[in-house]
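Let me begin by presenting the structure, written as structure tokens, before commenting on it.
The values are calculated or read from the model by the stated rules, or taken from the named source; none is laboratory data. Everything quoted here is computed from the prediction, not taken from an experiment. Accessible surface areas use protein heavy atoms only, side chains included; no ligands, DNA or RNA. Shrake-Rupley method; radii C 1.70, N 1.55, O 1.52, S 1.80 Å.
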Amino acid sequence: MGLKSLANKAKGKRPIIEEEDSDFAPPLTKLSTFLFILVSIRFQIFAVYIRMVVSVWDYKFSPYDYYRSKCVCTNLFSIIDNIKKTLSVNLLSIFRDTQFGHFLDMLEYVFHPQVVHSLLLREVYQPNPKKFWAKVAGCCIRFSVEKFYLITGIDCFGDCNTLLFSQESNQLVEICFRGVKTIDHKAIKDAFLGSRWGLDESLGLKLAVLYFIQCSLLSNTPDKEVSRFDLDVVDSGRWDEYC
């Protein structure tokens, strides 16, 4: 009801006055501005103090702060078997020529996520953000991108500019995921095992690469949604160019 009609219904009572809009905060006063600047300076001083106190090779977590966690691994070795069983002989040969082909010869392994959790708890401060250092039994051990490359054989060096791989349309999505609202890891698995590429072997190769990357290398829970960028990289056929 309008304010005039409400005022008429009041019949001589105290007039109704429209209150200030509470959705908008009042303007900053000089005192509040001063307090804001003071708090910001104190935070900066505290950050500098922390950097001075914390020295290199100190633990990031104190042993008193260690916590137990139920660690799981979502990477399943059956993905390799699924690729071997689903792809034709010709497609399997083409898949071997990609930078992921050598994974087809990988032997079944046993992964212990609890060991990784224990190493993460023992991470130490060090100046290089691209390396992981942990101190175990008084000795520092290192894991770097170079070692990751030597172990996996995956290209880790090059241009990471995502704009070079963006596409206006995506044939892989339009054909293999037609009618799918959310492309997650389960949707990719269903599309690959269902051979939705039909007779188009180029699409079959792309779907196999997408299945291996998302469900093996970047393994996660089945409801993990896949970004459009990942889909564009695979659909472009230039996955060997992206580090």
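Using a 1.4 angstrom probe, figure out how much accessible area the stretch 159-229 has per residue, in square angstrom, rounded to the nearest whole.
56 Å²
Can you give me the C-alpha center-to-center distance between the stretch 210-243 and the stretch 89-154, rounded to a whole angstrom?
The stretch 210-243 and the stretch 89-154 have Cα centres spaced 18 Å from each other.
Considering only protein heavy atoms, with the full assembly of protein chains and a 1.4 angstrom probe, order 122, 228 by accessible area, largest first.
228, 122
Among all lysine pairs in the stretch 105-220 that are eight or more places apart or on different chains, how many have alpha carbons less than 20 angstrom apart?
7
Accessible area of the stretch 96-243 with a 1.4 Å probe: how many percent of it is carbon plus sulfur?
Ligands and nucleic acids excluded, carbon and sulfur reach 56 percent.
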